[in-house]
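In what follows, a structure is listed as C-alpha coordinates, so that the remarks can point back to it.
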Amino acid sequence: MAKKKETYSQAMTRLENIVRQVDSNELDIDELVEKIKEANEIIASCSEKLRNADIEIEKLLADKQESEE
(Lines give C-alpha, C1' and ligand atoms only; values in the text may rest on other atoms or scores of the structure.)
Protein backbone atom coordinates (compact mmCIF):
# COMPACT_ATOMS: atom_id res chain seq x y z
CA MET A 1 0.00 0.00 0.00
CA ALA A 2 1.40 3.39 -1.01
CA LYS A 3 2.07 5.94 1.70
CA LYS A 4 -0.14 9.02 1.41
CA LYS A 5 1.82 12.14 0.52
CA GLU A 6 2.19 14.49 3.43
CA THR A 7 1.43 18.16 2.97
CA TYR A 8 3.98 20.81 3.83
CA SER A 9 1.85 21.88 6.79
CA GLN A 10 1.59 18.32 8.11
CA ALA A 11 5.35 17.86 7.78
CA MET A 12 6.02 21.09 9.64
CA THR A 13 3.69 20.00 12.43
CA ARG A 14 5.59 16.71 12.72
CA LEU A 15 8.89 18.60 12.76
CA GLU A 16 7.63 20.97 15.47
CA ASN A 17 6.61 17.96 17.57
CA ILE A 18 10.07 16.43 17.21
CA VAL A 19 11.73 19.72 18.19
CA ARG A 20 9.45 19.94 21.22
CA GLN A 21 10.40 16.39 22.27
CA VAL A 22 14.11 17.07 21.83
CA ASP A 23 13.90 20.38 23.73
CA SER A 24 12.05 18.78 26.62
CA ASN A 25 14.72 16.06 27.02
CA GLU A 26 12.01 13.40 27.05
CA LEU A 27 13.84 11.09 24.64
CA ASP A 28 16.45 8.50 25.46
CA ILE A 29 19.55 8.36 23.24
CA ASP A 30 18.15 5.71 20.87
CA GLU A 31 14.92 7.63 20.38
CA LEU A 32 16.87 10.85 19.98
CA VAL A 33 18.93 9.39 17.13
CA GLU A 34 15.79 8.17 15.35
CA LYS A 35 14.01 11.49 15.82
CA ILE A 36 16.99 13.41 14.46
CA LYS A 37 17.03 11.14 11.38
CA GLU A 38 13.29 11.67 10.95
CA ALA A 39 13.70 15.44 11.34
CA ASN A 40 16.42 15.49 8.67
CA GLU A 41 14.11 13.60 6.28
CA ILE A 42 11.28 16.05 6.97
CA ILE A 43 13.58 19.03 6.41
CA ALA A 44 14.80 17.58 3.10
CA SER A 45 11.23 16.92 1.98
CA CYS A 46 10.07 20.41 2.95
CA SER A 47 13.05 22.01 1.22
CA GLU A 48 12.21 20.13 -1.96
CA LYS A 49 8.57 21.22 -1.73
CA LEU A 50 9.66 24.84 -1.32
CA ARG A 51 12.08 24.62 -4.28
CA ASN A 52 9.36 23.09 -6.45
CA ALA A 53 6.85 25.73 -5.40
CA ASP A 54 9.36 28.48 -6.16
CA ILE A 55 9.99 27.05 -9.64
CA GLU A 56 6.26 26.77 -10.30
CA ILE A 57 5.61 30.33 -9.13
CA GLU A 58 8.43 31.65 -11.31
CA LYS A 59 6.92 29.84 -14.32
CA LEU A 60 3.45 31.23 -13.59
CA LEU A 61 4.79 34.77 -13.22
CA ALA A 62 6.81 34.47 -16.43
CA ASP A 63 3.77 33.13 -18.30
CA LYS A 64 1.63 35.95 -16.95
CA GLN A 65 4.20 38.55 -17.95
CA GLU A 66 4.47 37.06 -21.45
CA SER A 67 0.70 37.10 -21.90
CA GLU A 68 0.55 40.76 -20.86
CA GLU A 69 3.16 41.83 -23.44
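The values are calculated or read from the model by the stated rules, or taken from the named source; none is laboratory data. What you see is a predicted model, and the numbers here were worked out from it, not measured in a lab. All Cβ positions, even for glycine, are placed from backbone atoms using ideal geometry, and neighbour counts span all protein chains on display.
Laid out as a table, the results:
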read-out: Condition met for S9 (loosely packed, with under 10 Cβ neighbours inside 10 Å and at pLDDT 95 or above); value: yes
read-out: Residue, nearest to the chain's Cα centre (by Cα), within the range 52-69, restricted to residues that are surrounded by 10 or more Cβ atoms within 10 Å (Cβ to Cβ) and acidic (D, E); value: D54
read-out: Cross-chain or 6+ apart pairs with Cβ under 8 Å, the range 28-48 first and surrounded by 10 or more Cβ atoms within 10 Å (Cβ to Cβ), then of a type in the set (A, V, I, L, M) and not in a helix (DSSP H, G or I); value: K35/L27
read-out: Filtered residues of the range 17-27 (kept if free of Cβ contacts under 8 Å to residues at least 24 places away in the same chain, part of a helix (DSSP H, G or I) and surrounded by 10 or more Cβ atoms within 10 Å (Cβ to Cβ)); value: N17, V19, R20, Q21, V22
read-out: Residues that are aliphatic (A, V, I, L, M) and under 21 Å from the mean Cα position of the chain (by Cα), drawn from the range 24-40; value: L32, V33, I36, A39
read-out: Residues satisfying the stated conditions in the range 50-69, i.e. of a type in the set (K, R) and farther than 28 Å from M12 by Cβ; value: K64
read-out: Filtered residue count, the range 1-16, keeping only those that are aliphatic (A, V, I, L, M) and free of Cβ contacts under 8 Å to residues at least 12 places away in the same chain; value: 2
read-out: Residues within the range 4-16 that are in a helix (DSSP H, G or I) and either over 14 Å from the mean Cα position of the chain (by Cα) or among the charged types (D, E, K, R) (or both), tallied; value: 2
